[in-house]
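For reference, the structure is listed below as structure tokens.
The values are calculated or read from the model by the stated rules, or taken from the named source; none is laboratory data. All of these numbers come straight from a predicted model, not from anything done at the bench. In this analysis, Cβ positions are derived from the backbone assuming ideal geometry, glycine residues included, and neighbour counts consider all displayed protein chains.
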Amino acid sequence: MNTARLVIVDGVRTPFCKAGTDLAALGADELGRIAVSALLTRTGLDPALIDEVIFGCVAQPADASNVARVIALRAGIPQSVPAVTVHRNCASGFEALTQAYEKMLAGRGSIFVVGGTESMSNIPLLFPPSAAKKFGRLARAKGLLQRAQAFAAFRPADFKPRIGLLLGLTDPVCNLNMGETAEVLAREFDISRAVQDVFALQSHMRAAAAREKLAEEICPVFQAGKEVVTQDNGIREHQTFDALGGLKPQFDRKNGSVTAGNASQITDGAVALLVMSEARALELGLTPLGALTGYAYAGCDPVRMGLGPVFAIARAEAQTRLTLADADIIEVNEAFAAQVLAVLNCAASVEFARTQLHRDGPLGEISAAKLNVNGGSIALGHPVGATGARLVLTALKELKRRNARRALVSLCVGGGQGAALWLERM
Amino acid sequence: MNVLQTDPKTADQPVAPRSASPSPVPADRTVHFVAHDDGICLLVFDRPGSSANIFDLRTLDELAQELEFIERQTALKGVVFVSAKPSVFIAGADLNAMRKVTSDNDARILIERGQAVMNRIAGLSITTVAAVHGAAVGGGYELCLACDYRLASPDHSTKIGLPETKIGLLPGWGGSTRLPRLIGLPKALDIILGGKTVPAKLALKLGMVDEIAPAEYLVTAATRKIQQGKPLRPGHWLVNNPLAAMVIARHARKQVMQKTRGHYPAMTKALEVVARGISRSVVDSLSLERDGIIQLMQTDVCRNLINIFFLQERARKRTVPGAGSTTGPKPVTHTAVIGAGVMGAGIAQWISARQLPVVLRDINTAQVAKGMATIAKLYRDGVKHHTFTAHEARAGMDRVYPAPAEVPLHHADIVIEAAVENLELKKKIFQRLDELVSPGTVLATNTSALPISEMAAGTRHPERVVGLHFFNPVHRMQLVEVITARQTSPEVLQRALRFTQSIGKLPVVVKDSPGFLVNRILMPYLIEAGNLFEAGAKIEDLDAVMLDFGMPMGPLRLLDEVGLDVSLHVAATLAAHFGDRMKVPDCLRKMTGAGLLGRKGGGGFYLHEKSKEPRPNPQVAAYVQSGKASSISREELQERMVFLMINEAARCLEEQIVAEPADVDFAMIMGTGFAPFRGGPLRHADTVGAARLAGAMSLLVASGTAHFEPCKLLAGMAAAGGKFYPAT
């Protein structure tokens, strides 16, 4: 087997801003361009050396299809460099990175710009199919009479938009919204509202304390006629347990426990990473942040998609022989507090290991000291296509700060998947 | 007739594939007859050994021969005029030939020959179509006007118009007659008096062309037109009747006088010819054109304006002798600007608009943000003024790479420093840049007054340091002073020169010396305006006399625009080197001290209120020190200020700051708007005469103003009856 390693040379991201706020005017292509341009400027890499640009994006903008290509060209990467957009829901940012790895192993290039971008502010509202049909008829109508007839066919219900964002966050197979899958976990693993809120509060506190650290990975966003944006704006410095407690459950109004406060935020942002084969980095005299040493994607029950990381971590262990104990820091993406807590529960459970993972012992304990040390998506927000790449960037920078060796980063994926990557400092 | 326009932006456009590629033809002719299908023929313009087609007498004769041949072909249904050049249809009359016209008779021959050929085209019984791809200007467009139809390609290189008045002439081969008949008097006057050339889309909107078709389909589209036969065109009786023409002309005359103060006779003449011609027969109107242009052709104004055109061409092509022109280094593809202030941002915006990526570095995010905002505004204004489409503006913004922290610059081909004017800071920046860039990188400074040789001295490779002095506002000022420090190598100078040309700026090569060229010559003039103000001359008078002279702006108003603090800084730097000659007037220092900074502060010599014409600031009466100058005549005020400019210009020549008088004149016209029709300060000196200049200046010295001492060169010329330019 080819044992070449893919190294992450450097990375940068835009601030993560709540949808409808500071970055709302920028499309996913613009956010991605800003991140990639900043990456190229920071690293000084000659863009002609890039073999391919791979970007994750979940809600692909209607006006910039194959958004990776649009980003690449707008960032000044030569036309001859191809670009592809990838989509694995919340793991799209991982997918971009692991595809680069696979392409490198397959001998299809050695230098890649990868990342993810998402403008959740700009996910469109959709007309229902009935209206679309009528618009089509109207467009084809000839003469005043036909046109009048086509007009007359419209009914008020035709103008009730379908909210793209909601559709995207709903699994069509199990017919549950992502929040509803989190409610399933809260119920089945008996995760109380209070425990979820404590976890959410901790995410904010950690992120607030880490502002200076996070600034290292952020590039400013300049917009004409607006203040320059330099910081994540989802982090609430003064978040309190009581305030969280006052929020209404979002997905099960009566009996539920998942609120807007203990779920990830709807956010805009983009991340770009420069990755290459270890040999190329050596050749170019670059000092990488770290290497991707192994990874796994795993499928699971769509209804319990939040448990995906457990399955992926188990599979990655089978491949890499690395256990939870080998990780100096661990990221489990905070889609929902209930979901992360369920993951911790399952990872430590003998029963779960035996029945679900078909192995003798549990994966192990994930201590709070190692987990999401600089906060997570509950505080920073979760621009779905970009988050995976952010976890990689944040974890690698933290390894360096701690002078530690290994990080395990993982995500749950809507539709019933999990993803786990092992990163190692050089 | 006219203007050989070469636009740097279009000069290197790729060759468009042509469907009408002419068959093999004799190599020494410009006009070629090519038979096409269906009884249609092409007349292909392909001037041998040139990338452009122009009209000289020989081409006119060839065209006449071909037309004679066509007239005899009874089977022909139509003729299409095309060009075989990639980016020029016909760029007008040969300006070199026009420069050599020395008698009314020569002029008459040139005009009548041209008119006769155009008339011949207009008189053809078959249908005629001009299929324009590339520049069709002056005589080139007058040929189009003589055709039944005009088609144009939507290419960037396609520019259509009548720029004659810009070089002191008027359209004399039928343009002044046929354009108003085609599109109506008001629109025609706008084009002719403005000397405008417009892109295809606008030409279509104005009615100057009938249809737009891709270059590859032009002949096919022309064939369709020929099959339609000759067009019936509506007359513009509403605006082209004698009464309306009178009203329109009166209004236009007022505007022209306001704009030119009577210095540009071509404008008034063209207006007269067009407005009178519209009510006459075509034949009579053409005679008016002819008589008008003959009067204009031999004036100094026309000669000076044509000369500027050639000086621009020279600047576009200028190279450094002995610096390896063919095997030089690869063109600049990566750039960086250090400093995101007004100048740095302006330069970065210009570079990005010329298709090059540029890193914009400043010390922190706030500074970079200011620069990015400046750039965004420049693009936004550009979109408003149709300089860019919104899409082009976005692409331009995309090419600016903000850098609020130190970034690698090893693949930058050129780095332009535009930090604040502080020598110690600049030295530090250059030392650091020296470590960050590759050996082949050119390091340039945009300083306006500081010694570049000293900045170079602190680096390991001083030979790669050069000055690139852009003027403010960068997007409007075409001139760039390319300054050679003591250590600058010819190769680096060459590269800097090429870069300047490649971004569409016009370079003048200047030696490193305080104030370089333009600011140095301008400063004594501004200082004198300050002195005269202190001595009791009125603000309005000082500015008015210089507007009358032909400057685009009076000196005190200019001080306000530049900013009194900035002016003071430059003046003080120069005073430190040149002593009393550039002694900074007290008022400048006091006003700056009192916060009267000029336009940016809302007040200087003038009050600058929003959406109001600036008016003299009553507050500044306090800085008048005496009444000595209050009785000086307007003529003398003007002479005092102008003579000091001439004297300093002569000194620059004397000190070999530039190579020749033409460099001085070109730089002053392009860099300060020095009365173009006067041909620049040294050309103007020749017109006035060195003896008169030196005489008048010596009188002023005798009356106690020592700074009027004529320089050696001028004094010598006065004694020997010499001139800056050889007599032509």
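Structure notes:
- Every test in (1) among the hydrophobic types (A, V, I, L, M, F, W, C); (2) touching a Cys at 6+ places or on another chain (Cβ under 7 Å); (3) free of Cβ contacts under 8 Å to residues at least 60 places away in the same chain is passed by B:Leu124 save one, and that test is (2).
- Listed here are the helices (runs of 4 or more DSSP H) enclosed by the range B:258-343 that have at least 1 residues being of a type outside the set (S, T, N, Q), surrounded by fewer than 17 Cβ atoms within 10 Å (Cβ to Cβ) and within 25 Å of the chain's Cα centre (by Cα): B:300-317.
- At least 2 residues being within 14 Å of chain B (Cβ to nearest Cβ) is the threshold, and among the strands (runs of 3 or more DSSP E) wholly inside the range A:1-119 those reaching it are A:6-13.
- Scanning the range B:220-240 for residues that are within 36 Å of the chain's Cα centre (by Cα) and among the polar types (S, T, N, Q) gives a single hit, B:Asn240.
- The set of residues from the range B:538-565 being of a type outside the set (D, E, K, R) and either within 15 Å of B:Asp586 (Cα to Cα) or in contact with a Ser or Thr (Cβ under 6 Å, 6 or more places away or on another chain) (or both) comprises B:Leu556, B:Leu559, B:Leu564.
- Among the residues of the range B:273-304, the ones that are among the β-branched types (Val, Ile, Thr) and closer than 21 Å to B:Asp104 by Cβ come to 6 in all.
- Candidates A:Asp197, A:Asp242, A:Asp158, A:Asp171 - the one that is loosely packed, with under 13 Cβ neighbours inside 10 Å and either farther than 30 Å from B:Thr365 by Cβ or within 14 Å of chain B (Cβ to nearest Cβ) (or both): A:Asp242
- Some residue of the range B:240-251 being part of a loop (DSSP other than H, G, I, E, B) and closer than 19 Å to B:Pro180 by Cα: yes
- For B:Val584, the criteria (1) part of a helix (DSSP H, G or I); (2) touching a residue at least 12 places away in the same chain (Cβ under 8 Å) hold in every case but one, which is (1).
- Condition check for B:Ala373 on (1) within 11 Å of another protein chain (Cβ to nearest Cβ); (2) over 30 Å from the mean Cα position of the chain (by Cα): one failure, at (2).
- Being within 13 Å of chain A (Cβ to nearest Cβ), over 19 Å from B:Leu479 (Cα atoms) and at pLDDT 95 or above is a description that applies to B:Ala340.
- The criterion of being within 25 Å of the chain's Cα centre (by Cα) and within 14 Å of chain A (Cβ to nearest Cβ) holds for B:Leu356.
- Residue satisfying all of: in the range B:412-435; surrounded by 17 or more Cβ atoms within 10 Å (Cβ to Cβ) and within 14 Å of another protein chain (Cβ to nearest Cβ); nearest to B:Val510 (Cα to Cα) among these: B:Val415
- Being under 27 Å from A:His204 (Cβ atoms), without any contact (Cβ under 8 Å) to a residue 40 or more places away in the chain and over 23 Å from the mean Cα position of the chain (by Cα) holds for only one residue in A:Ala369, A:Ala353, A:Ala348, and it is A:Ala348.
- Residue that is crowded, with 19+ Cβ neighbours inside 10 Å, over 25 Å from A:Asp171 (Cβ atoms) and more than 19 Å from the chain's Cα centre (by Cα), where the choices are A:Ala100, A:Ala48, A:Ala64, A:Ala25: A:Ala64
- Any chance A:Gly361 is under 26 Å from A:Met120 (Cα atoms) and of a type outside the set (Ser, Thr, Tyr): no
- Selection from the range B:154-197 of residues that are in a loop (DSSP other than H, G, I, E, B), touching a strand residue (DSSP E or B) at 6+ places or on another chain (Cβ under 7 Å) and more than 23 Å from B:Glu112 (Cα to Cα): B:Pro154, B:Ser157, B:Thr158, B:Lys196
- Residues in the range B:565-582 that are more than 19 Å from B:Val518 (Cβ to Cβ) and either surrounded by 15 or more Cβ atoms within 10 Å (Cβ to Cβ) or of a type in the set (A, V, I, L, M) (or both): B:Asp565 only.
- Restricted to helices (runs of 4 or more DSSP H) entirely inside the range A:149-250, those with at least 1 residues that are of a type outside the set (Gly, Ala, Ser) and under 30 Å from A:Leu126 (Cα atoms) are A:164-168, A:178-188.
- If you go through the range A:216-239 and keep only what is touching a residue at least 24 places away in the same chain (Cβ under 8 Å) and away from chain B (no Cβ under 14 Å), you end up with A:Asp232, A:Asn233, A:Gly234, A:Ile235, A:Arg236, A:Glu237, A:Gln239.
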